[in-house]
Structure formats: C-alpha cells, structure tokens
1. Tell me which residues come under 5 Å, amide H to amide H, from residue 209 once H is placed; ignore anything under 5 positions away on its chain.
2. Return the subset of 257/347; 306/326; 67/103; 206/273; 226/314; 226/306 for which the Cα-Cα distance in this structure is over 26 Å, preserving the input order.
3. How big is the Rg/Rh ratio for the chain, C-alpha atoms only, Rh by Kirkwood, two decimals?
4. Would you work out the charge dipole size for the chain about its Cα centre, treating the Cβ of every Lys and Arg as +1 and the Cβ of every Asp and Glu as -1, and quote it to the nearest 20 debye?
5. When the C-alpha atoms of the stretch 88-171 are aligned to their principal axes, what extent does each axis show, in angstrom, from largest down?
6. Over the Cα atoms of the stretch 193-260, what is the Rg over Rh ratio if Rh follows Kirkwood?
7. Want the number for residue 294 to residue 81: 0.36 nm per residue separation, take away the alpha-carbon distance, what's left?
8. Among the DSSP beta bridges whose two residues both lie in the stretch 182-364, what percent are antiparallel, rounded to the nearest 5?
Amino acid sequence: MKRKKYKLKKKNILLLGLFILVLVGVLLYKPCINVFRLVSIDYSFEQSIDIYKSGYYEDVIERGYSKIIPNIISDESYDNSKIDLYYAVDYFDYDGFVSNVNKWLELGYTTKEINYINKKDDLSLRNYVSSKYVQNINRWIQYDFFKTDKFDRYLKFFDGDYKQTIINVNIGLDKPFYEDVNIIKDYSVSVLANKYNKLDSSFSPKDLTLLDNCSTGNHYLAKEAKEAYDKMCFASLKDGMKLSVTSSYRSYQDQEKIYNNYLNLYGKSYVEKYVATPGFSEHQTGLALDVKSMNSNIFGSSMEYKWMVNNSYKYGFILRYTENKKDITGYNSEAWHFRYVGVEAAKYIYENNITYDEYYVMFLDK
C-alpha cells in the first residue's frame, strides 16, 4: 500500500507541473509572440523587450523599424503623440535629447531642421534655439564658420545673403571700423591686421630679412615672404617685367609718422580711405609690400601691374585692396599693395575673387 501511495503522489506532482507549464505558456504566449515580432523587424531582443514594456508596442509595430525609438522610448520626456515625428529624427546621444526635440517641435522647427541643429553638436546652439524660433535655421548653421555667439548680430545685420552676412559679421562689419578691436596675440604668416585687429606698438617680426632681388634700398620682409618674393621676382624677370619695391616692413612708429603726415596734408577723410592707423597696418606684419614698375610711373596702368594681378597668387601674394571690395577692407583701391598669405590661400582668394578678410574668417578664425 505504501508503494502505491508514493506512485500516486509522484503522478500528481507531474500533473501539477504540467498544469503550471501550460498556464505559464498561456500567460506568456502573447508577450513572447509580440517580442519576437519586434525582433523579426530588426530590433534586438533587449530592445524588443524594452519596447514591449513601454506600452507602445502597437504604435511601434505599426510603423516598423526605427533607429531612434529604442534609444528614447524609455526616456521620461518621451511623448507618444509625437511618434511619427520622432521617426523622422536622427538620434544623438546627449543628456536632454528628447526634451530638446520636444521643445523644438513645439517652437515650430521641422524634423529636418532638428537634425541639422543636433548634427552641429554645439551646446550653445541647442540652448539658443530652445528659447526662440529662427526661420530657415538650416541656411544659417550650414557653414563651418557660423558662430552661435554672434547669432543675434547675424539676424540683425541680415541682408538676404546668409553666407555673406555671416562672413561680414565675423569680420566685424556690423560695427564701425576701429570699434570692438581685437588685440593680436599670436603672430604667423596668416595673421590678419585690419581695422578690427590691432598689433601691439612694440611688435616686430623676429625674422625680418633684407630684400636683395627686384628691390633697391633697405626693404625687409618676414623670411617666408621674402623667399616667396624672390621666386616671384625671378619669374617676372623671365617674362620681361621690371618690378621693384617702394615700401615693405614698417614699424608702428614709422606708420605713425606716415599717418600724421598724410593727416596734416589731406585731412581725416583721406587717411581713413588710404592710410592705416598705427597698429592696424599690414606693413607692420612684415608680410606686405608696395611694388612699382621700373618701366612706368603709374603702376596701375603698367604691364607689371597686369602681370602681378595674374601671377602673384602662384607665389602666395594677393592684391590686397581693390575698388570693388572697399566696403569690406575699409580702404580704397591700392594697385601697388600686395600681401603674402601663402600659395594655398592666395590661389583660393584669386579664384573666388574675395578679400583676405573673408578668407580668414571662413577658414582660419577658429
């Protein structure tokens, strides 16, 4: 009798276990099926479980796979009423991502614009556009030289050309010349000295070198510029040109004397157009020179001038001040004034008909 009782108990246990398994299977059947449906449309197993647990399974399965959904569906800022818009947004991994997206959508930014904003990876920009709607935001932030801290100035100075507005404001042209001046601290051959960037009165290049080709008198340039001028000189001689130099490096004190002389002779309106204020002159950089023709008294109408315009960029020099760019440079045309900027920069400036000021803020001012 004892043996039969044992067999009965064992049988009951097996039946009970089977019943429990069936019950669990019934209870888990739907979740399992739903999870595997998510897996079948390319979500990982872990992502599928998270999506199912979120309670938005039906909405997700209806719309199909999305890269962004697994990364945001558990965020406390997630708003399922915006799910269709979320599907059009690229995911970026930073704190407050979903909250930002919600704000921008409510302000009126499109999902395409939101993707542009996030791609910029600029916290100051994200904060800026969270406080206001900016029309055509893409048109502004598409440029590498766009600067968020100048955004209000861009908007105020806007003239219909997004790119040129950014360039002009970065130069400083939304303010009067000589206002909000930057003191130059780092010197190199790419230095920008203009009406917004000033050299210290004691500054002088350490490698000034005497010009001994296509030049008479004591004229100096920084070594790299001097070597480039030599190459240009020899090339010009082969083409039958006769170049020389009237002025190159000038100290702050030299420029001060020149400025005061012209001021006394011709007045303020003249020097503002033709003569740099001491400290703001390219000549103090040791990278600029005034050239002349040994064949003509009027350089602007000489064959040497035409040669320089068409060839100087090959050696790293540019015609610095032209009539059609005086609103940018602040100076009237100076056919004789050339500046060494390096071959790469000079070629770009020549081919795109821009000033060095524009080139500098586009590519060098980080």
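1. Here 221, 222, 223 satisfy the definition.
2. Working: 257/347 34 Å; 306/326 20 Å; 67/103 21 Å; 206/273 30 Å; 226/314 15 Å; 226/306 21 Å.
In this structure, 257/347; 206/273 exceed 26 Å between Cα atoms.
3. Details: Rg = 35.0 Å, Rh = 26.2 Å.
In the chain, Rg relative to Rh is 1.34.
4. Working: 49 positive and 47 negative charges, 516 e Å.
Using only the charged Cβ atoms, the result is roughly 2480 debye.
5. Computed over the Cα atoms, the extents are 35, 21, 20 Å.
6. Values: Rg = 14.0 Å, Rh = 13.5 Å.
On the Cα set of the stretch 193-260, Rg over Rh gives 1.04.
7. Values: separation 213, 0.36 × 213 = 76.68 nm, distance 7.82 nm.
Here the answer is 68.9 nm.
8. Details: 15 of 17 bridges.
Percentage antiparallel, nearest 5: 90.
Throughout, read-outs are computed from the coordinates displayed, never taken from laboratory work. From a predicted model like this one, the values you see are computed outputs, not experimental measurements. Cβ: placed from backbone, ideal geometry, glycine included. Neighbour counts: every protein chain shown.
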